[in-house]
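**Q** One structure is given below, represented as structure tokens, and several questions about it will come after.
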Amino acid sequence: MLSRVANSIYWMSRYFERAENIARFIDVNLHLILDSPVELDEQWEPLIKITGDIEHFEERYGDDATKDNVIHFLTFDRENPNSIISALTNARENARSVREIISSEMWEQINKSYFNLLGAEGESGRLDSPHDFYTNIKMQSHLFIGITDTTMSHGEGWHFARLGRLIERADKTSRILDVKYFILLPRVEDVGSPIDNIEWAALLKSASAFEMYRKKYRKIDPRKVAEFLMLDSFFPRSIHYCLMKAEESLHKITGTEPGTYRNEAERKLGRLCSELDYANIDEIISGGLHEYLDNFQTKLNLVGDAIFDTFFALTPIVEGQHNEFNGTLKGQE
Amino acid sequence: MDFNDYDTEGYYDELFEAQARPRPGTSILIDRLESLPSGDILRRQKAAEAALFNMGVTFTVYSDETGIEKIFPFDIVPRIVEPGDWKQIEDGLKQRIYALNLFIDDVYHDQKIIKDGIIPEEILYSGKCFQEQCRGINPPKGIWCHITGTDLVRDKDGKFYVLEDNLRTPSGVSYVLENRQVLKRTFPLVFEASKVRPVDDYPERLLSTLQHLTPDNTSQPTVALLTPGIYNSAYFEHSFLAQQMGIELVEGSDLVVSDGYVFMRTTKGFQKVDVIYRRIDDTFLDPTAFNPDSLLGVPGIIDVYKAGRVALANAPGTGIADDKVIYAYVPKIIKYYTGEDAILPNVPTYVCWDEKEKEHVLGNLDKYVVKAANESGGYGMLVGPHAGPKEREEFAEKIKANPRNYIAQPTVSLSRVPVIVDDHFEGRHVDLRPYVLYGEDIYVMPGGLTRVALRKGSLVVNSSQGGGSKDTWVLETVPGN
């Protein structure tokens with residue numbers, strides 16, 4: 001597969017997943033506000049902090065982090081490279097450049113999602129029923145993933161799509177969990193109170209994890225919630241699950257035996273995955289949840305860089321070095 | 001909706017012999033259209049447009065910062081070509097492409113046609129399309145023009161004429177294939193009853209044409225389509241054809257020349273490429289051989305091509321045969337190489353390079369369409385009868401300054417086809433671009449792109465200037481025969 005094509009498929013998938021997760025960020029806050037007692041102030045600024053775009057936001061909106069401004073910045077602002085509309089536009093541009101590789105059904109779905117979003121933007125600039133809107137974005141993404149799984153051969157291209165999606169998802173689940181640090185930083189007197197429980201439940205819901213959590217642990221316990229979203233090996237949005245499956249795809253692409261590595265991407269991802277295999281939630285919390293997550297995001301970025309260097313970077317050709325195709329070539333001369 | 005008030009206004013109409021009298025091959029279609037409630041036709045038109053939009057058969061109009069995507073306007077009433085007319089088109093195009101290929105090969109080798117005084121030497125070298133770098137090249141199997149789109153028009157007298165040849169990188173065939181998909185859904189019953197010749201095997205035939213060029217000793221050739229990238233206006237077509245053929249779609253930066261071969265960069269290293277269907281112009285192909293500023297092409301690819309280690313379709317240099325001045329000589333070219341008269345005539349053409357013809361053109365600018373020799377897409381044109389005196393004067397200066405670059409033709413009253421306008425049908429002018437493949441033999445796709453001038457009275461069918469398209473049905477037999 002062409003390096004450029006692999007790169008575009010990887011990013012197509014990452015960007016669509018990103019759009020979905022931004023919708024999740026906003027949705028968790030909308031839920032919290034509806035569930036909160038009156039005296040709790042609406043907090044919107046932390047949403048921008050967790051996406052890492054606070055400086056960019058302040059340049060454009062000052063320190064006026066109102067609900068409308070934040071929602072606009074994260075949803076329809078084309079100047080913000082991490083808004084839903086930018087992510088979907090990028091997903092679609094990448095898809096357009098590999099239309100001959102992905103299935104027509106995938107292309108049509110990504111195209112429809114994009115035009116749906118443009119339609120929603122066009123009406124008034126204000127969303128009348130934001131919950132429906134963000135739920136719809138999530139469903140469009142699920143549909144795209146389903147169509148991808150059922151219409152595209154599970155070969156190299158599909159594994160690059162899955163790799164991109166899972167790395168993006170692991171990163172965003174870690175950020176969703178980090179919301180608790182920024183927004184829900186518990187006041188001592190609130191720990192274990194009904195408000196605290198509501199907030200943790202909202203967090204689980206934003207990762208579509210509430211029902212699955214209930215089945216496993218029943219009672220809402222902050223420690224267990226963190227464990228579920230980080231370390232569970234069966235729940236498809238937990239960080240551990242994402243990395244396990246990402247590693248599986250990486251090894252399918254290269255053909256390297258599991259548990260070994262032949263390039264930096266495999267080494268870095270393998271090590272990060274092992275850390276989570278043997279992690280313990282009590283140790284993580286006693287060392288500081290936010291610090292742990294922050295550190296995790298840095299390491300995950302390094303995995304992304306290594307994937308780029310290994311598969312996508314256009315290295316100059318060295319005379320006489322054509323990797324595995326060299327033999328074939330020499331045979332013809 | 002019915003055709004009772006449909007007026008052919010004295011033009012040749014592709015569907016009607018005369019008012020309310022459909023041609024033999026079109027009566028099934030006309031009966032069906034008239035039997036549908038009018039709301040139904042409009043509903044089908046809308047459904048067809050929506051299908052094209054969802055399939056992403058669009059081009060982007062950049063009016064402000066954000067591009068607006070539009071479908072290439074499309075009218076669901078098909079244009080029908082009867083078997084007898086098609087036979088003449090098919091024979092004529094085969095003859096024409098065969099002769100043009102011999103011509104291109106000759107001008108890059110012995111130039112017998114010049115030595116024998118059929119074409120003035122000066123015309124060959126004064127145009128922009130003769131590529132000095134291609135002299136002496138022997139392309140695989142002796143074929144230069146693998147893919148051609150020839151524009152035909154039908155005049156008042158019902159005869160077909162060749163308007164121009166496109167031998168560089170003709171586009172539009174993807175619309176033909178997609179339009180057909182949509183029309184099969186739109187009028188399944190008429191389609192079935194009309195015995196329409198299929199076009200869907202075009203990608204398969206194109207692939208065979210390309211594989212036929214494979215350099216020797218390669219049993220599993222890698223074929224790739226080279227595109228300028230997603231911002232090119234024909235990008236949809238590049239991607240569509242690569243997908244339909246199951247070949248790699250590459251950009252210049254994906255390819256690299258090393259050890260005398262062309263390779264593409266893959267996730268597993270460098271892989272040799274054997275045949276390239278290039279959809280970028282000659283001068284952008286190789287910055288070391290042509291335009292040094294081009295970032296689109298592949299440095300060194302022409303040397304690999306000359307050494308016969310990669311095939312390029314169309315071969316670099318074919319553009320010499322679609323220079324509009326050379327076009328004027330095509331009937332003589334056909335006669336010279338085949339000994340036959342041209343089956344499809346040219347539109348009568350004056351070459352301003354010739355002093356006498358130039359004077360005639362300058363004296364009659366209000367009667368002629370004047371075209372620049374090397375432009376396409378309807379640019380660099382003067383439509384004399386519609387132009388003002390000032391415009392004609394300015395154009396006269398251009399002709400005097402560079403007579404080699406201009407030809408003139410009388411305006412042809414292009415034939416017409418009904419299109420849906422609000423709640424009724426009106427006639428609009430059309431041309432026809434069939435596609436010709438030259439591989440093991442010469443194949444003419446039965447159909448082609450019918451372009452429609454959607455603006456009332458307009459003769460300009462280019463998509464950049466208000467044109468649209470229609471499906472073209474070539475009938476196997478005329479019903480009842």
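The values are calculated or read from the model by the stated rules, or taken from the named source; none is laboratory data. The structure displayed is predicted, hence computed values, not measured ones. Neighbour counts run over all protein chains shown; Cβ positions are idealised from the backbone, glycine included. Side chains are part of the model used for accessible areas, which takes the heavy atoms of the whole protein and leaves out ligands, DNA and RNA. Shrake-Rupley method; radii C 1.70, N 1.55, O 1.52, S 1.80 Å.
**Q** Give me a comma-separated list of calculated 3J(HN,Hα) values for segment B:12-27, in order, Karplus coefficients 6.51, -1.76, 1.60 applied at θ = phi - 60°, integers in Hz, x for any Gly or Pro.
**A** Each residue's phi maps through the Karplus curve to give 6, 10, 6, 10, 10, 6, 7, 3, 6, 10, x, 5, x, x, 9, 5 Hz.
**Q** Still on this structure: Tell me, what is the Rg over Rh of segment B:117-227, with Rh the Kirkwood radius over Cα pairs? Can you show the working numbers first?
**A** Numbers: Rg = 19.5 Å, Rh = 18.4 Å.
Ratio of gyration radius to Kirkwood radius: 1.06.
**Q** Please list, or write none, the lysines whose alpha carbon is within less than 24 Å of the alpha carbon of residue B:70, excluding same-chain residues fewer than 8 places away.
**A** Cα-Cα hits under 24 Å: A:112, B:46, B:184, B:456, B:470.
**Q** Okay, next question. How large is the accessible surface per residue of segment B:1-53, computed with a 1.4 Å probe and reported in Å² as a whole number?
**A** Values: 2600 Å² over 53 residues.
Spelled out: the 1.4 Å probe surface of segment B:1-53, per residue, equals 49 Å².
**Q** Here's a follow-up. Students often get this wrong: which residues of segment B:381-419 have the backbone nitrogen under 19 Å from the point 7 angstrom along Cα-to-C-beta of residue B:354?
**A** Only B:399-400, B:402-411 pass the distance filter.
**Q** Give the average, rounded to an integer, of partner chain Cβ atoms located within 10 angstrom of each Cβ in B:257-267. Walk me through the numbers on the way to the answer.
**A** On the way: counts 1, 8, 9, 2, 5, 0, 4, 5, 8, 10, 15.
Neighbouring Cβ atoms belonging to other protein chains average 6 per residue here.
**Q** Sticking with this structure for a sec: Rounded to the nearest 0.05, what FRET efficiency do residue B:307 and residue B:50 have when you use their Cβ-Cβ distance and R0 = 56 Å? Walk me through the numbers before you get to the answer.
**A** Numbers: r = 50 Å, r/R0 = 0.90.
For R0 = 56 Å, the calculated efficiency reads 0.65.
**Q** Provide the buried accessible surface between chains A and B in square angstrom, both chains summed, 1.4 Å probe, rounded to the nearest 100. The partial results should precede the final answer.
**A** Working: alone 16630 and 20590 Å², together 33890 Å².
Buried surface at the A/B interface: approximately 3300 Å².
**Q** If you roll a 1.4 angstrom probe over the protein chains with everything in place, what fraction of the accessible area of chain A belongs to carbon and sulfur, to the nearest %?
**A** Accessible surface attributable to carbon and sulfur in chain A totals 50 percent.
**Q** With the contact rule set at Cα under 8 Å and sequence spacing of 6 or more, what percent relative contact order holds for segment B:1-58? Numbers along the way, then the final one.
**A** Details: 27 pairs, mean separation 17.0, N = 58.
Relative contact order of segment B:1-58: 29 percent.
**Q** Suppose each label sits 7 Å from its Cα in the direction of the beta carbon; what would the residue B:21-residue B:115 distance come out to in nanometres?
**A** 5.7
**Q** How large are Rg and Dmax for segment B:163-232 when calculated on the C-alpha trace, in angstrom?
**A** 16.6, 49
**Q** For chain B, with the dipole built from +1 on Lys and Arg beta-carbon atoms and -1 on Asp and Glu ones, taken about the Cα centre, which of B:36, B:99, B:457 lies farthest toward the positive end?
**A** B:99
**Q** Continuing with this model, one more query. Could you pull out the pairs from B:156/B:367; A:268/A:299; B:159/B:356; B:367/B:398 whose alpha carbons sit more than 19 Å apart here?
**A** Numbers: B:156/B:367 17 Å; A:268/A:299 8 Å; B:159/B:356 28 Å; B:367/B:398 17 Å.
In this structure, B:159/B:356 exceed 19 Å between Cα atoms.
**Q** Which residues' amide hydrogens lie under 5 Å from the amide hydrogen of residue B:415, considering only partners 5 or more residues apart or on another chain, with H built in the peptide plane?
**A** Long-range HN contacts for residue B:415: B:154, B:430.
**Q** As an exercise, find the ratio Rg/Rh for segment B:1-137 from alpha-carbon atoms, using the Kirkwood inverse-distance average for Rh. Could you put the intermediate results ahead of the total?
**A** On the way: Rg = 24.1 Å, Rh = 20.5 Å.
Taking Rh as the inverse mean 1/r over Cα pairs, Rg/Rh reads 1.17.
**Q** Something else: Evaluate the relative contact order of chain B (contact order divided by residue number), counting alpha-carbon pairs under 8 angstrom at least 6 apart; express in whole percent. Could you put the intermediate results ahead of the total?
**A** Working: 920 pairs, mean separation 114.7, N = 481.
24 percent.
**Q** Could you compute how fast chain A diffuses translationally, taking Rh as the Kirkwood radius over C-alpha pairs and applying Stokes-Einstein at 37 °C with viscosity 0.692 mPa s? Give it in µm² per second. Display every interim value, and only then the final one.
**A** On the way: Rh = 21.2 Å.
The estimated diffusion coefficient comes to 155 µm²/s.
**Q** Shifting gears a bit: Starting from 0 in steps of 20 Å, tell me what percent of the Cα-Cα pairs of chain B lands in each bin.
**A** 23, 55, 22, 0
**Q** Let me ask something else about it. Given C-alpha coordinates of the protein assembly as shown, what is the ratio Rg to Rh with the Kirkwood estimate of Rh? Intermediate results must be reported in sequence, preceding the final value.
**A** Numbers: Rg = 31.6 Å, Rh = 30.3 Å.
Result for the protein assembly as shown is an Rg/Rh of 1.04.
**Q** Given the alpha-carbon gyration tensor of segment B:332-481, what are the semi-axes of its equivalent ellipsoid in whole angstrom, ordered largest first, with each equal to the square root of 5 times an eigenvalue?
**A** Values: eigenvalues 194, 119, 35 Å².
After scaling each eigenvalue by five and taking roots: 31, 24, 13 Å.
**Q** Calculate the dipole size of chain B relative to its Cα centre from +1 charges on Lys and Arg beta carbons and -1 charges on Asp and Glu beta carbons; express the result in debye to the nearest 20. Working shown, then result.
**A** Details: 52 positive and 70 negative charges, 52 e Å.
Here chain B has a charge dipole of around 240 debye.
**Q** What does the average come to when, for each residue of peptide B:229-241, you count the partner chain Cβ atoms lying within 10 Å of its Cβ? Let's see the in-between values first.
**A** Working: counts 1, 7, 0, 0, 0, 0, 3, 2, 0, 2, 7, 3, 1.
That average works out to 2.
**Q** Place the peptides B:451-458, B:413-420 in order of packing, highest mean first, counting for every residue the other Cβ atoms within 10 Å and averaging per peptide.
**A** Listed from highest to lowest mean packing, they are B:413-420, B:451-458.
**Q** Okay, moving on. Averaged across A:92-99, how many Cβ atoms of other chains sit within 10 Å of each residue's Cβ atom?
**A** Details: counts 1, 1, 1, 1, 5, 7, 4, 10.
Mean number of neighbouring Cβ atoms from other chains: 4.
**Q** Give me the percent of the accessible area of segment B:1-109 that comes from carbon and sulfur atoms, probe 1.4 Å, all protein chains in place.
**A** Heavy-atom surface of segment B:1-109 belonging to carbon and sulfur, 1.4 Å probe: 49 percent.
**Q** Quick query: amide H of residue B:311 versus all other amide H atoms, modeled in the peptide plane; which residues come in under 5 Å with a sequence gap of 5 or more or a different chain?
**A** B:275, B:276
**Q** If one puts a single equal scatterer on every Cα of segment B:253-339 and applies the Debye formula without solvent, what log₁₀ I(q)/I(0) results at q = 0.17, 0.20 Å⁻¹?
**A** Per q value, in the given order, log10 I(q)/I(0) is -0.75, -0.91.
**Q** Also: Using all Cα-Cα distances in segment B:355-427, what percent lands in each 10 angstrom bin from 0 up to the longest?
**A** Result, from short to long distances: 18, 44, 20, 14, 5, 0 percent.
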